[in-house]
1. Could you compute how much accessible area chains A and B hide from each other, both sides summed, with a 1.4 Å probe? Nearest 100 Å² is fine.
2. Based on C-alpha coordinates, I'd like the Rg and Dmax of the range A:1-45, in Å.
3. Quick one: 3J(HN,Hα) in Hz for the range A:75-91, Karplus 6.51/-1.76/1.60 with θ = phi - 60°, rounded, Gly and Pro as x.
4. On the accessible surface of the range A:3-112, probed at 1.4 Å, how many percent belong to carbon and sulfur atoms?
5. At a cut-off of 20 Å², which residues of the range A:96-111 become less accessible once all protein chains are present than in their chain alone, using a 1.4 Å probe?
6. With every protein chain left in place and a probe of 1.4 Å, what is the accessible surface of A:LYS70, to the nearest 10 Å²?
7. How high is the FRET efficiency from B:ILE12 to A:HIS110, r the C-beta distance, R0 25 Å, rounded to 0.05?
8. Using a Gaussian network model of chain A with C-alpha springs under 10 Å, which one of A:ASN58, A:ASN76, A:ASN67 is most mobile by mean-square fluctuation?
Amino acid sequence: AQKVTQAQTEISVVEKEDVTLDCVYETRDTTYYLFWYKQPPSGELVFLIRRNSFDEQNEISGRYSWNFQKSTSSFNFTITASQVVDSAVYFCALTLRDDKIIFGKGTRLHILP
Amino acid sequence: DAGVTQSPTHLIKTRGQQVTLRCSPKSGHDTVSWYQQALGQGPQFIFQYYEEEERQRGNFPDRFSGHQFPNYSSELNVNALLLGDSALYLCASSSGWGGGQPQHFGDGTRLSIL
């Protein structure tokens, strides 16, 4: 069975601090895809990044970076120099080739001014 | 470029009633998935439609059914509503089936059961 665990339920940091959101996944398949989504208070889930299981290269996009490590089954997300607009619930998710997305329970991030 | 649109935005029903939620996918997308998100939880996969057929189904009872039309839009029907069906229902669309394509989500329909 597939599973995604986001152990951090809620995190609060002061603006401009760096923050890392943890994600651990479980699957026996060798082909899978990992995602991060952001859900602001408005409710719409916003796609941030997709990685496939064969590409462990880390990625940086502006203030966002992602660290994918198959050895520890982790796909962590770091926000550098956080801003108030980053406040949201962040979901890590896993899908196999059938496209059925399995979401973690989310991490609620508060960026304090 | 219109994104995923869902209607209605909010809905209030009573136990035992039936409800239909609607979704239009993002332009160029042909696959539609539905998710239920209870308060404080991650979205739970209900089912997915591609080429007007249900391709995948999550752990939801038969009270939850759906349909996809030739224009790729989709409906989610829930019969015999229970209090526990109160949730945000999210529709997501993507291009093709299989291959782990990113899914683009609508704003959701908030369903309240009294």
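The values are calculated or read from the model by the stated rules, or taken from the named source; none is laboratory data. What you are looking at is a predicted structure, and each value in this text was computed from that prediction instead of being measured. Every residue, glycine as well, gets a Cβ built from its backbone with ideal geometry; the counts of neighbours run over all protein chains shown. The protein model used for the area step is the full one, side chains on, heavy atoms only, and it has no ligands, DNA or RNA in it. Shrake-Rupley method; radii C 1.70, N 1.55, O 1.52, S 1.80 Å.
1. Chains A and B together bury roughly 1700 Å² of accessible area.
2. 13.8, 39
3. Ordered by residue, 3J(HN,Hα) equals 9, 8, 10, 10, 10, 9, 6, 4, 10, 4, 5, 7, 4, 4, 9, 10, 10 Hz.
4. After summing per-atom areas, the C and S share lands at 47 percent.
5. For the range A:96-111, once contacts with the other chains are taken into account, A:ARG97, A:ASP98, A:ASP99, A:LYS100, A:ILE101, A:PHE103, A:LYS105 lose 20 Å² or more.
6. Around 80 Å² of this residue is reachable by solvent.
7. The calculated FRET efficiency here is 0.25.
8. Maximum fluctuation in the GNM of chain A, among the listed residues, is at A:ASN58.
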